[in-house]
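Student: Below you will find the structure I want to go over with you.
Only the coordinates and a few stated rules stand behind these numbers; no lab work does. What you see is a predicted model, and the numbers here were worked out from it, not measured in a lab. Because the Cβ atoms are built from the backbone with ideal geometry, glycine has one as well, and the counts that use them run over all protein chains shown.
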Amino acid sequence: MTAIRTENLSKTYGHGWNREATPTVRMLNLEVKEGEIFGFLGPNGAGKTSTIHLLLNLIRPTSGTAYLFDRPVAETEVHRRLGYLPESIILHDYYRGRGLLDFYAALCGVPADARTARVAELLKLLNLEDAAGKVVAKYSKGMAQRLGFAQAMLHDPDLLILDEPTASLDPVGRKEFRDILLGLKRRGKTVFISSHILSEVESVCDRVAILQNGELKRVGTLPELSSGRSTRFVVKGLPAPLMEALANTAAQVTLTQGQATIRCPDEALRQTVEQMLRQHGVEILRTEAETQSLEEIFFATITPPPKL
Amino acid sequence: MKTIFLIASDSIRALLHQRLLLGLMLASLALTIFFSITMSSVRKNITRTYNDDQMTNSSPFMGTNQMSEGDRRKFRESMESASTTFQAMFYQVASFGGSIVALFIFSTAVASEIRKGTIRLTLSKPVSRTQFLLGKYLGGVTVMAAFALLTSLAILIFAQTQNLELSPVIKWAPWLMFCRQLMLGSLAMLLSLFMHPIIASVLAFVAGNGLYSPPNPLYFILPSYKDFNVFFQVLQGSLLNARDVAWLSLYAADFIVIMLLLALWRFRTKELV
């Protein structure tokens with residue numbers, strides 16, 4: 001079973017009479033498996049938040065469909081398995097921290113006798129015990145973000161959708177957040193994170209998707225996304241004619257104590273270089289697939305915006 | 001049903017934390033008290049003037065404090081008329097204040113949640129849009145019921161302290177005022193799903209003051225608040241009976257249900273970001 005599935009999901013704003021159409025999500029086909037931590041990346045305006053709003057049924061798709069646990073997102077019941085933390089969270093500020101969690105727990109159907117214990121457990125987990133009796137209006141941004149995270153986890157959902165979850169957290173908070181996510185993963189929960197903080201996504205996510213202008217550009221695990229992009233051949237000695245031939249390609253050659261390392265940034269070049277090495281009878285000591293960082297993958301994927 | 005009550009209780013809590021609403025309620029109460037004091041002094045002046053007239057016209061044989069049967073009746077009728085008009089005007093003022101409060105409550109109930117973005121969290125829980133809207137309406141109804149109760153208590157206390165006898169028309173006033181406010185509220189809530197709450201409130205208020213009556217077909221399309229206004233009934237000298245009140249209640253219920261159904265239709269398809 002998939003936790004999230006979209007089929008040709010599209011959203012266009014302002015279509016209709018006398019209004020210019022602005023597509024924000026275009027023919028999105030995405031699958032998030034149960035139990036994985038999935039990173040959803042893209043520059044500002046890529047359509048990440050719109051996709052999340054479509055998944056939550058807050059906005060209607062122009063075409064296509066979205067499913068949570070193989071049920072249409074319009075079914076309210078499927079929300080029993082869902083926890084959501086919005087970007088720049090705004091909470092009902094007339095509650096005290098504990099009261100707000102109690103209200104949301106009741107909405108989620110947490111039984112009254114289990115509610116107090118569950119609320120206390122989450123307040124402790126998110127270091128909000130001291131602020132539990134404080135009015136939410138007096139919470140700092142970071143505290144509100146923690147409280148928002150707590151409300152998303154109240155009913156121990158199978159799927160968490162987190163939109164920029166660490167935007168207001170300090171480094172300590174981010175570390176704690178990462179640990180909580182890894183704990184959730186160990187328990188088989190699915191987490192869908194939209195974030196700009198690439199290092200954070202890289203450290204916790206099993207798979208990532210990169211979106212730009214509403215289009216899904218790439219999706220896969222980090223090795224999948226970086227494989228075929230950069231390969232290193234470590235060889236024993238390089239004959240001069242081959243050195244010259246390699247100099248005319250994009251391959252980067254580094255010589256070290258009788259060995260040479262040839263770095264091929266893409267798959268086509270890798271094949272060419274490998275052929276050249278074999279033609280010259282050069283012994284390949286080892287071939288290393290160079291894994292790119294998520295940041296490298298991200299910038300290699302997105303088209304930079306036109307310069308003004 | 002439990003979810004609707006939870007949303008309603010949250011809505012009441014939110015309303016009680018709205019400074020502007022509390023300000024409006026206090027202003028409405030202050031206006032009512034001010035009006036009551038003014039009317040009370042007017043009533044005393046009428047009594048004093050009548051007594052002065054008696055003094056001037058009194059016969060030396062009958063004594064200064066003696067009144068003929070006809071004079072007594074005239075005085076009693078004049079006092080009853082002043083009293084009923086006073087009570088009706090009391091409700092006119094209270095009803096106007098209540099209408100402003102109702103428009104504020106219902107036009108912002110859903111719209112403010114959408115504007116602030118808090119609706120996104122609530123609807124990410126297993127809460128349907130229908131439950132959300134009905135919960136919000138129920139919360140507003142509860143606050144308005146409390147307000148109507150307070151106003152009724154106010155007139156009872158005032159009538160008691162001023163030795164006023166409540167007229168038969170007046171006894172229906174709180175209920176009719178409550179019905180009128182719920183009608184206004186349901187229309188304001190519907191309109192607020194299409195436009196800014198302030199514009200929605202103004203339109204809802206204006207739409208119902210067309211003074212249409214049957215058989216004018218507009219009466220059945222546009223809301224008509226006229227018959228819910230006790231002041232008009234008193235001025236026209238028409239006394240409301242239980243049948244009239246039942247008919248008006250039915251009209252209000254019918255109107256509210258239609259408005260809520262339209263609001264639900266709109267809300268279910270509305271983009272909530």
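Student: What share of the DSSP beta bridges in chain A is antiparallel, in percent to the nearest 5? Write down the numbers at each step before the final one.
Tutor: Numbers: 37 of 54 bridges.
For chain A, the DSSP antiparallel bridge percentage is about 70.
Student: Counting only helical runs of four or more DSSP H residues, what would the 222 nm mean residue ellipticity of the protein assembly as shown come to if each run contributes -39,500 (n - 2.57) and the total is spread over all its residues?
Tutor: Numbers: 21 runs with 319 residues, N = 581.
It lands at -18000 deg cm²/dmol.
Student: For the pair B:K44 and A:V135, what calculated FRET efficiency results from E = 1/(1 + (r/R0)^6), where r is the Cβ-Cβ distance and R0 = 60 Å, to the nearest 0.05? Show your work: numbers first, answer last.
Tutor: Details: r = 48 Å, r/R0 = 0.80.
Once rounded, the FRET efficiency stands at 0.80.
Student: Also: Considering the alpha-carbon set of chain A alone, what are its Rg and its Dmax in angstrom?
Tutor: 24.3, 80
Student: Along each of the three principal axes of the Cα atoms of the protein assembly as shown, give the extent in whole Å, ordering the values from largest to smallest.
Tutor: 148, 54, 45
Student: Right, something else. Can you tell me the dipole magnitude for chain A around its Cα centre, using point charges on the Cβ only (Lys, Arg +1; Asp, Glu -1), in Debye to the nearest 20?
Tutor: On the way: 37 positive and 36 negative charges, 70 e Å.
For this selection, approximately 340 debye.
Student: Fully extended, how many nm does the chain gain between A:R178 and A:A21 (0.36 nm per residue separation, minus their Cα-Cα distance)? Intermediate values should be presented prior to the final figure.
Tutor: Numbers: separation 157, 0.36 × 157 = 56.52 nm, distance 3.88 nm.
This chain segment gains 52.6 nm when fully extended.
Student: Give me the one-decimal nm value for the distance between modelled label points at A:S199 and A:L255, 7 Å along each residue's Cα-to-Cβ direction.
Tutor: 3.7 nm
Student: Relative contact order for chain A: what is it in percent, counting Cα pairs under 8 Å that are at least 6 residues apart? It would help to have the intermediate numbers written out before the result.
Tutor: On the way: 566 pairs, mean separation 60.1, N = 308.
Normalised by residue count, the contact order of chain A is 19 percent.
Student: So, one more: Sorting check: for B:18-30, B:88-100, which peptide has the highest mean count of neighbouring beta carbons within 10 Å, and how do the rest follow? Don't jump to the answer; show the numbers that get you there.
Tutor: Details: B:18-30: 14.4, B:88-100: 21.8.
So the order, starting with the most tightly packed, is B:88-100, B:18-30.
Student: Further, regarding this structure: Per residue of A:149-157, what is the mean number of Cβ atoms on other protein chains within 10 angstrom of that residue's Cβ?
Tutor: Details: counts 0, 0, 3, 2, 0, 1, 2, 0, 1.
Rounded to a whole number, the mean comes out at 1.
Student: At 7 Å along Cα-to-Cβ for each site, give me the label-to-label distance between A:D170 and A:N29 in nm.
Tutor: Taking the simple label geometry, A:D170 and A:N29 are separated by 4.7 nm.
Student: Here is a further query. Rounded to the nearest 5, what % of the DSSP beta bridges within the protein assembly as shown are antiparallel ones? List each step's numbers first, then the result.
Tutor: Numbers: 37 of 54 bridges.
Rounded to the nearest five, the antiparallel share is 70 percent.
Student: Can I ask one more? Would you mind giving the mean number of other chain beta-carbons within 10 Å of the Cβ of each residue in B:128-134, as a whole number? Don't jump to the answer; show the numbers that get you there.
Tutor: Numbers: counts 6, 3, 1, 2, 0, 0, 0.
Going residue by residue through B:128-134 and averaging, the value is 2.
Student: Quote the charge dipole size of the range A:1-152 about the Cα centre in Debye, to the nearest 20; the model charges only the Cβ of Lys and Arg (+1) and of Asp and Glu (-1).
Tutor: 320 debye
Student: Additional query: By how many nm would the segment from B:L250 to B:E77 lengthen if fully extended, with 0.36 nm per residue of separation less the alpha-carbon distance? Don't jump to the answer; show the numbers that get you there.
Tutor: Numbers: separation 173, 0.36 × 173 = 62.28 nm, distance 3.41 nm.
Here the segment from B:L250 to B:E77 would lengthen by 58.9 nm.
Student: Separate question: What nm distance separates the two modelled labels at B:F5 and A:D266, each placed 7 Å from Cα along Cα→Cβ?
Tutor: 6.6 nm
Student: Right, next: Among the lysines, which fall within straight-line cross-link reach of B:K171, defined as a Cα-Cα distance under 26 Å, with same-chain neighbours fewer than 8 residues apart omitted?
Tutor: Excluding near neighbours in sequence, the set is B:K44, B:K74, B:K226.
Student: Here's another thing I want to ask about it. How big is the Rg/Rh ratio for the range A:107-260, C-alpha atoms only, Rh by Kirkwood, two decimals? Can you show the working numbers first?
Tutor: Working: Rg = 24.0 Å, Rh = 19.6 Å.
That ratio equals 1.22.
Student: Based on the Cβ-Cβ distance from B:N241 to B:I157, what FRET efficiency comes out when R0 is 25 Å, to the nearest 0.05?
Tutor: Details: r = 26 Å, r/R0 = 1.06.
Rounded to the nearest 0.05, the efficiency is 0.40.
Student: What's the FRET efficiency of A:S293 with B:R19 using the Cβ-Cβ distance as r and R₀ = 60 Å, to the nearest 0.05? Working shown, then result.
Tutor: Numbers: r = 51 Å, r/R0 = 0.85.
Calculated transfer efficiency: 0.75.
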